[in-house]
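Take a look at the structure below.
The values are calculated or read from the model by the stated rules, or taken from the named source; none is laboratory data. Just so it is clear, the model here is predicted, and its values are computed rather than measured. Every residue, glycine among them, receives a Cβ derived from its backbone with ideal geometry; neighbour counts consider all protein chains shown.
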2 protein chains.
Amino acid sequence: MKILNTLSRQGFSPKGLFLFIAFLSLTITSQAQSDEDIEEIREIYDNVLTSSSCYDWLHFLCKRIGGRIAGSPEGTAAERYTAQMLDSIGADTVWMQEVEVNYWRRGSVAKAKVVNSELLGNVDLSTVALGFSGRTPKMGLTAEVIKVWDLNALEKIPASEIQGKIVFFDKGMDPTKTNTFHAYGAAVGQRTAGPRSAAEKGAIATLTRSMTLKQDDIPHSGVTVFQDQTPIPALALGMQSANLLSELLDSEKGIKINIQADCEHMGKQKAHNVIAEIKGSTYPNEVIVVGGHLDSWDIGEGAHDDGAGCVQAMEVLHVFRRMGIRPKRTIRCVLFANEENGMFGATTYAAYAKNSKEKHIAAIESDAGGHTPRGFRMDALKEISKSAFKQAQKWREILAPYGLYYLDAGGSAADISKLKSQGTVLFGYRPDSQRYFDYHHAETDVFENVHKRELELGAAGMAALIYLIDKYGFTFE
Amino acid sequence: MKILNTLSRQGFSPKGLFLFIAFLSLTITSQAQSDEDIEEIREIYDNVLTSSSCYDWLHFLCKRIGGRIAGSPEGTAAERYTAQMLDSIGADTVWMQEVEVNYWRRGSVAKAKVVNSELLGNVDLSTVALGFSGRTPKMGLTAEVIKVWDLNALEKIPASEIQGKIVFFDKGMDPTKTNTFHAYGAAVGQRTAGPRSAAEKGAIATLTRSMTLKQDDIPHSGVTVFQDQTPIPALALGMQSANLLSELLDSEKGIKINIQADCEHMGKQKAHNVIAEIKGSTYPNEVIVVGGHLDSWDIGEGAHDDGAGCVQAMEVLHVFRRMGIRPKRTIRCVLFANEENGMFGATTYAAYAKNSKEKHIAAIESDAGGHTPRGFRMDALKEISKSAFKQAQKWREILAPYGLYYLDAGGSAADISKLKSQGTVLFGYRPDSQRYFDYHHAETDVFENVHKRELELGAAGMAALIYLIDKYGFTFE
């Protein structure tokens, strides 16, 4: 009681003394709370970096199952495997939510060959079909190629010049964009909408430059959208092949290409969102979603896109269980059924969430690769976003030492974005972007290109953020 | 002049008006300056990401020259190549500064074989000699192994128990340290000082666990320091071999190992710091150093350590030349002769700097790998450090969008640290640390493990920081 005696001697009034003590205890509580958070988050990281299963899970997904388009047999195998793992780590409930998807099969052939170059003769180009590409006759189809820069350029060309031709979109990703996702966003339109737009003008097939910055010749797939049109064959060229074709078209007139692709549209199939949760101890109806998407393109192993995000989300539940953390709110891992070709997993889950009695207070998705952590991007309805960002800013200091330097407004991730209208605060996990498009939708998106510690740091960072969201929640007036 | 009329009507005094305008123009100037910086730095990045030579230079250093211990023929080849490149890009002066180094040759044999295990029989361990290791007789030497945790543990063991034995240091890097350099710092003492301390107690050889977090069996070399003692054979074990030996020693008594190594101490040799500069237009005697170290261990190609740092430093001069930036101060690229085994390049350069009429205002070194950028760590004499950090903080906002999130106190890099006592403000470039010790001092430190864009972003970041230092300088009262 030395402090009280000292204060009395200094002439403190009883009321002043009371207020001083109240202030003191408030300071101590708040300090203790913050120290407790720092310590708990340190323990989450220590635990994940020494005892996690996520790297082994990813190995199984990539090497035993491999590429897994929604609706495919591999997709089903991945659903069963992840559900089994989520059960084995002691989730309170694990269930499969049915999702109807459009299933498309690549087939076994994708070829593009220059057949009449005076300079080079016949030249095989490195190519792959885009998702939902149409097929060619068995011997392929041969036509003259017209080079256009991008969608805008195509718009200005009269249909008469496109009719019966193969359109080659030459625009690639801009290497000066430091964040490669910005470069992707600025160029991907020619892949998603280029074939449709070209078909509308009478093109019989399209070739697009692969969405990558790596100077190799590995072609990158990805979805293209035909809506109600009959799909035409739509292929992507490796960067070096695209460079070659671009230069060839500048120097020779009338260049013709033979294209072959045996893709098949298989119609509707059943797939599932895989869902597992740890029930909240105090507010079981307040839900924090953590997820990735289980489907992937088929030419690689879906390692970075998005096996990494799935096993990181699973690891969040796992580390909570290993450490015996009892969350106040329900922490729910959702592995979405098909981000790549239709987003039906996301829309099905969002509809379920809307009709349930639960309140989805936050959702975190990892769908930007398993590389070294950088931060989180946040998104929310306009009326709550400022307040949500402000509340989250308090956590930056705790997360920064782990490489999570930002927690800023500016977007989240595709699957969880469907929850935005329900007032959910969204977080997109953002690892470093430099290597992502080296592998994205390509045969190189394999387990060997994921770094164990980088993957684990992402899982730990997501667990840390969820620990804080669960503890403090969000309050909006 | 609408603004003046408005102000007059609101009853501003002429003096108040003058002050207001002065304030306004100050604000505009400062704003314009900042916009100019933002634009200039954007251009530096654009230029490096589209037109740099650093990746090609690194290819030559790694593939045509390879590992280059200071004093070796490869070291000399690297000096000549880099000097020639620096001359070709139009540096104002290029010169070689002579440095005397202790040259050590690895030889062709490094073996460690368990010879008497009842459980396993004879087992070859994956091993490599540490730099400055002693040699064994041709048939090797065989002795009982004693396991100790680290240097502290060794200290507590009486010499009688060490005498005539091989000491195995079992301590590895701690995986829970998020920044792997901290894990390295906490464990590397057993490599640098372990063999010497063991020899003092009569050990005839040592084995240390490799300094890595990667769970493979590739051994990592690195310097060990014997001072005036006769070197004993000192080898490092791959992580899996170290795990195996550690477990074997726990389960069997009297385990013996045969060690072979044919390293040679070659005595003094001449090497050189390679130095090139762009002369300052206004303050030619104020020098900003940018550097890396040209020497490397010999078992890999010295790609991340530190070919990357060298070509990044060279690229800073190159991008200044390509863009026609005329710096006010002298920008000097220094490729230090031997960071790995003696630091004689750094001490020679620091002595030269001290005796010259120049003032070294700042020095930046890249010696933490060519991975994706994170920031810079700063160091300076106590009497100027606070002020220097404060001045540098203004630049953080401009650099953060490029992934350079911090510019903090906390160290720099080995070679430039010798300039600290001269009042130079030091900056250590800090890329992401997760992958560095996968390759560090190992046969896997090769060109293929360096990512082109990550390397370039580092070069651009160093150029951007130097642009700002050159423009604003540092002022100390």
| task | Please verify whether the stretch B:353-371 includes one or more residues that are surrounded by fewer than 21 Cβ atoms within 10 Å (Cβ to Cβ), polar (S, T, N, Q), more than 14 Å from chain A (Cβ to nearest Cβ) and out of contact with any Pro (no Cβ under 9 Å at 6 or more places or on another chain). | result | yes
| query | Looking at the stretch A:376-395, is at least one residue within 14 Å of chain B (Cβ to nearest Cβ), within 19 Å of A:Leu49 (Cα to Cα) and at pLDDT 95 or above? | reply | no
| field | Among the residues listed as A:Leu457, A:Leu399, the single one being farther than 27 Å from A:Gln215 by Cα, within 10 Å of chain B (Cβ to nearest Cβ) and not aromatic (Phe, Trp, Tyr) | value | A:Leu457
| field | Search result, residues across the stretch A:97-116 that are under 23 Å from A:Gln84 (Cβ atoms) and surrounded by fewer than 16 Cβ atoms within 10 Å (Cβ to Cβ) | value | A:Glu98
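Residues of the stretch A:72-82 being more than 19 Å from the chain's Cα centre (by Cα) and surrounded by 17 or more Cβ atoms within 10 Å (Cβ to Cβ), which ones? Full working, then the answer.
Filtering the stretch A:72-82 for residues more than 19 Å from the chain's Cα centre (by Cα) gives A:72-74, A:76-77, A:80-81.
Those that are more than 19 Å from the chain's Cα centre (by Cα) and surrounded by 17 or more Cβ atoms within 10 Å (Cβ to Cβ): A:Ser72, A:Glu74, A:Thr76, A:Tyr81.
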| request: Quick one: B:Leu404 ticks every box in (1) part of a loop (DSSP other than H, G, I, E, B); (2) within 11 Å of chain A (Cβ to nearest Cβ); (3) within 26 Å of B:Gly238 (Cα to Cα) except a single one, so which number is it? | output: (3)
| message | Consider the stretch B:118-134. How many of its residues are surrounded by 18 or more Cβ atoms within 10 Å (Cβ to Cβ) and over 27 Å from the mean Cα position of the chain (by Cα)? | response | 1
| Taking the stretch A:39-66 only, how many residues are within 14 Å of chain B (Cβ to nearest Cβ) and at positive phi? | 0
| note | Only unsatisfied item for B:Ser366, checking (1) over 28 Å from A:Pro401 (Cα atoms); (2) in contact with an Asp or Glu (Cβ under 9 Å, 6 or more places away or on another chain), is (1)
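Would you confirm, using the coordinates I've provided, whether B:Lys390 is more than 28 Å from B:Arg42 (Cα to Cα) and either surrounded by fewer than 21 Cβ atoms within 10 Å (Cβ to Cβ) or out of contact with any helix residue (DSSP H, G or I) (no Cβ under 7 Å at 6 or more places or on another chain) (or both)? If you could, list the steps in order and put the result at the bottom.
Details: more than 28 Å from B:Arg42 (Cα to Cα): no; either surrounded by fewer than 21 Cβ atoms within 10 Å (Cβ to Cβ) or out of contact with any helix residue (DSSP H, G or I) (no Cβ under 7 Å at 6 or more places or on another chain) (or both): yes.
No.
Got at least one residue in the stretch B:464-476 being among the polar types (S, T, N, Q), assigned to a loop (DSSP other than H, G, I, E, B) and away from chain A (no Cβ under 11 Å)? Spell out the reasoning first.
Taking the stretch B:464-476 and keeping what is among the polar types (S, T, N, Q), we get B:475.
Now narrow it down to the ones that are assigned to a loop (DSSP other than H, G, I, E, B): B:475.
Pick out the ones that are also away from chain A (no Cβ under 11 Å) and you get B:475.
Yes.
Only one of B:Leu130, B:Leu141 is modelled with pLDDT of 95 or more and under 16 Å from B:Val223 (Cα atoms). Can you tell me which? Spell out the reasoning first.
Details: B:Leu141 fails: under 16 Å from B:Val223 (Cα atoms).
Criteria check complete, one pass: B:Leu130.
If I filter the stretch A:264-273 for residues that are closer than 26 Å to A:Phe169 by Cβ and either within 25 Å of the chain's Cα centre (by Cα) or touching a residue at least 40 places away in the same chain (Cβ under 8 Å) (or both), do I get at least one hit? Steps first, answer last, please.
Looking only at the stretch A:264-273, we keep the residues that are closer than 26 Å to A:Phe169 by Cβ, and these are A:264-265.
From what's left, either within 25 Å of the chain's Cα centre (by Cα) or touching a residue at least 40 places away in the same chain (Cβ under 8 Å) (or both): A:264-265.
Within the stretch A:264-273, one or more residues are closer than 26 Å to A:Phe169 by Cβ and either within 25 Å of the chain's Cα centre (by Cα) or touching a residue at least 40 places away in the same chain (Cβ under 8 Å) (or both).
Here's the yes/no breakdown for (1) assigned by TED's automatic domain parsing to the domain that holds A:Phe169; (2) farther than 30 Å from A:Pro73 by Cα:
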{"site": "A:Lys256", "(1), (2)": "yes, yes"}
{"site": "A:Ile278", "(1), (2)": "no, no"}
{"site": "A:Thr282", "(1), (2)": "no, yes"}
{"site": "A:Val290", "(1), (2)": "no, no"}
{"site": "A:Leu294", "(1), (2)": "no, no"}
| request: Determine whether the stretch B:410-420 contains at least one residue that is in a helix (DSSP H, G or I), within 14 Å of another protein chain (Cβ to nearest Cβ), among the basic types (Lys, Arg) and out of contact with any Leu (no Cβ under 6 Å at 6 or more places or on another chain). | output: no
| task | Collect the residues in the stretch B:110-151 that are over 17 Å from B:Asp262 (Cβ atoms), among the aliphatic types (A, V, I, L, M) and part of a strand (DSSP E or B), keeping them in residue-number order. | result | B:Val114, B:Val115, B:Val123, B:Leu125, B:Ala143, B:Val145, B:Ile146, B:Val148
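Among the residues of the stretch B:346-355, is any in contact with a strand residue (DSSP E or B) (Cβ under 6 Å, 6 or more places away or on another chain), of a type in the set (Phe, Trp, Tyr) and under 30 Å from B:Gln269 (Cα atoms)?
Checked against the condition, which is being in contact with a strand residue (DSSP E or B) (Cβ under 6 Å, 6 or more places away or on another chain), of a type in the set (Phe, Trp, Tyr) and under 30 Å from B:Gln269 (Cα atoms), the stretch B:346-355 yields at least one hit.
Considering B:Leu49, B:Leu17, which residue is aliphatic (A, V, I, L, M), over 24 Å from B:Tyr439 (Cα atoms), at pLDDT below 50 and outside the structural domain of B:Val223 (by TED's automatic domain parsing)?
On the way: B:Leu49 fails: at pLDDT below 50.
B:Leu17 is the lone residue from the list that is aliphatic (A, V, I, L, M), over 24 Å from B:Tyr439 (Cα atoms), at pLDDT below 50 and outside the structural domain of B:Val223 (by TED's automatic domain parsing).
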| query | Which condition does B:Pro219 not pass, out of (1) in contact with a Gly (Cβ under 8 Å, 6 or more places away or on another chain); (2) more than 22 Å from B:Arg105 (Cα to Cα), if it passes all the others? | reply | (2)
| remark: B:Ala199 fails exactly one of (1) farther than 20 Å from B:Leu141 by Cβ; (2) away from chain A (no Cβ under 14 Å), namely (1)
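Sort out which residues of the stretch A:421-434 are within 14 Å of chain B (Cβ to nearest Cβ) and buried (at least 24 other Cβ atoms within 10 Å of the Cβ), and write them in order of number. If you could, list the steps in order and put the result at the bottom.
If we filter the stretch A:421-434 for residues that are within 14 Å of chain B (Cβ to nearest Cβ), which is where we start, we get A:430-434.
Once the filter is applied, which keeps residues that are within 14 Å of chain B (Cβ to nearest Cβ) and buried (at least 24 other Cβ atoms within 10 Å of the Cβ), the stretch A:421-434 yields A:Arg430, A:Pro431, A:Asp432, A:Gln434.
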| request: Kindly establish whether A:Val311 is more than 14 Å from chain B (Cβ to nearest Cβ), surrounded by 24 or more Cβ atoms within 10 Å (Cβ to Cβ) and among the aliphatic types (A, V, I, L, M). | output: yes
| query | Among the residues of the stretch B:442-454, how many are touching a Leu at 6+ places or on another chain (Cβ under 9 Å) and away from chain A (no Cβ under 14 Å)? | reply | 1
